[in-house]
Amino acid sequence: MYDHILIRYGELALKGKNQKTFLNQLVKNIKELIKSETGEEPLIETEQGRIFLKLNGQSPEKYYEPLKKAFGVLSFSPVRKTELDMEAMQKTALEEMLALDKKPATFRVTVRRPNKRFPVKSPQAQKNIGAFLLRNYSGLKVDLHSPDVEVFVEIRYDAAYVYTRKINGPGGLPLGTGGKAMLLLSGGLDSPVAGWLTMKRGVVIEAVHFYSYPYTSERAKEKVLDLARVLAQFAGEIKVHIVPFTRIQESISEKCYDSLWITLMRRFMFRIAERIAEKRNALALVTGENIGQVASQTIESIYAINRVIHTPVLRPLITMDKEEIMNIARNINTYDISIRPYEDCCTVFLPKEPKTKPKLEACEKAEELLRVEELVQDAVQNTEVITIKGKAEDQFGYF
């Protein structure tokens, strides 16, 4: 029977004097995710580079999904705890082998010994445990390079822990250690992935969505809320600011050259998102922009759009190939939602020949025909805020 889940973290170990702050946040996040999905208050302990979740007779599988959503978790393993005694470790390793779903033909033993006071060094411990398994498990051979199963033994200060399985977590930094940012969330593939990658660096996000009723349907809005719901599974909840954008788009289409429509719309979006970010104490914007993917994502377009705000803009996808983005979307379960055939505000007002290299001066001159400040204020004041809770039933896999 498994006693604990051993949880590993990666770059937190490099945080020096700040490591305790990051570790406390990670433990807090793990507890909240587990309580959200199971209704239980988990018992968690930390010890020199590891976190231990005590199972108290519970099946470890019930904790796998919450741990897969906890940014900062590198990997985890269900483990058998045993005494600091070589004979006890050998017997526990055999128990672990006998409990495997499929009988292996080959194996290796890997011993890690943080407890340097334990009298048997790692190479000798590996030989002792391996020899015991060969004697007591029929048909087994040693393969040090590509074994069917690897038996891991960690010899720590209070006990030894034996396991054969490592399950990947999302990695990154604990959510809540990197400040707050405002995600411009459309219904496409890119922006939800950008939001997930930003959260992976410890940044809490809220979302801004630009909604153009009646040109876009209620289903298009629900699609975006479903994307936010997936992201909220990693954060507990996410606030989505639904901005009425119809009046702005109609004004632009009535008074400005259609080749500049997309650039001008994006300039308005950035202004509005910055205002909302200021109200919500968010210090950056996040977009799914990717160099050269569409007309508004050339260097020239990005330059012309960015000039209307002072807030930093994070662009996690800026150099990625589309295939890379799609793979992440599939992995985090946003892909199938993003490809639903409901148009967002940008696709509805798409010109035939958008400018790929818009001039800043041309954008500023076009905006002289518009009541920019009035339109921005009206949109911000009439923004609807929806708090999205994460659903617990979706499954996650990692790379």
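The values are calculated or read from the model by the stated rules, or taken from the named source; none is laboratory data. If you're wondering where the values come from, they're calculated on a predicted model, not measured in any experiment. All Cβ positions, glycine included, derive from the backbone under ideal geometry; neighbour counts span all protein chains shown.
A count restricted to region 223-265 and to residues that are within 16 Å of the chain's Cα centre (by Cα) and hydrophobic (A, V, I, L, M, F, W, C) stands at 8. Return the residues of region 1-31 that are of a type in the set (A, V, I, L, M, F, W, C), assigned to a helix (DSSP H, G or I) and surrounded by fewer than 16 Cβ atoms within 10 Å (Cβ to Cβ); say none if nothing qualifies. Selection gives ALA13, LEU14.
The set of residues in region 66-110 being in a strand (DSSP E or B) and either basic (Lys, Arg) or within 30 Å of ASN333 (Cα to Cα) (or both) consists of VAL73, LEU74, SER75, PHE76, SER77, PRO78, VAL79, ARG80, LYS81, ARG108.
Looking only at residues of region 123-143 that are free of Cβ contacts under 8 Å to residues at least 24 places away in the same chain, small (Gly, Ala, Ser) and part of a helix (DSSP H, G or I), we find that the one that is surrounded by the fewest Cβ atoms within 10 Å (Cβ to Cβ) is ALA131.
Residues considered: ALA93, ALA99. Of these, the only one that is crowded, with 17+ Cβ neighbours inside 10 Å and either of a type in the set (D, E, K, R) or under 37 Å from the mean Cα position of the chain (by Cα) (or both) is ALA93. Among the residues of region 279-330, the ones that are small (Gly, Ala, Ser), farther than 14 Å from LEU197 by Cβ and under 18 Å from the mean Cα position of the chain (by Cα) come to 0 in all.
Only one of the numbered conditions (1) surrounded by fewer than 23 Cβ atoms within 10 Å (Cβ to Cβ); (2) in a helix (DSSP H, G or I) is not met by ASN281, and that is (2). Scanning region 159-175 turns up one or more residues that are closer than 23 Å to ALA99 by Cβ and touching a His at 6+ places or on another chain (Cβ under 8 Å).
Residues in region 248-278 that are of a type in the set (Ser, Thr, Tyr) and over 17 Å from GLN297 (Cα atoms) were compared, and the one that is surrounded by the fewest Cβ atoms within 10 Å (Cβ to Cβ) is TYR257.
Quick check on region 229-275: of everything there that is of a type in the set (Asp, Glu) and part of a helix (DSSP H, G or I), which residue is nearest to LEU67 (Cα to Cα)?
Keep residues of region 229-275 that are of a type in the set (Asp, Glu), which gives 237, 250, 254, 258, 274.
Next, only the ones that are part of a helix (DSSP H, G or I) stay: 250, 254, 258, 274.
Values: GLU250: 46, GLU254: 51, ASP258: 48, GLU274: 33 Å.
That would be GLU274.
For ARG113, state whether it is under 36 Å from the mean Cα position of the chain (by Cα), surrounded by 16 or more Cβ atoms within 10 Å (Cβ to Cβ) and modelled with pLDDT under 95. It is false that ARG113 is under 36 Å from the mean Cα position of the chain (by Cα), surrounded by 16 or more Cβ atoms within 10 Å (Cβ to Cβ) and modelled with pLDDT under 95.
Could you check, for region 32-51, whether at least one of its residues is touching a strand residue (DSSP E or B) at 6+ places or on another chain (Cβ under 8 Å), part of a helix (DSSP H, G or I) and touching a residue at least 40 places away in the same chain (Cβ under 8 Å)? No - not one qualifying residue is present in region 32-51. THR311 meets the stated requirement of being in a loop (DSSP other than H, G, I, E, B), at pLDDT 80 or above and of a type in the set (Ser, Thr, Tyr). In region 11-42, the qualifying residues are those that are farther than 16 Å from TYR64 by Cα and of a type in the set (Gly, Ala, Ser), and the one that is farthest from the chain's Cα centre (by Cα) is GLY16.
Residues that are polar (S, T, N, Q) and in a helix (DSSP H, G or I) were ranked within region 315-340; the one that is nearest to VAL224 (Cα to Cα) is SER338. Of the residues in region 155-164, not one is over 19 Å from ILE7 (Cα atoms) and touching a Lys or Arg at 6+ places or on another chain (Cβ under 9 Å).
Residue count for region 184-221 satisfying the condition of being modelled with pLDDT of 95 or more and part of a helix (DSSP H, G or I): 11.
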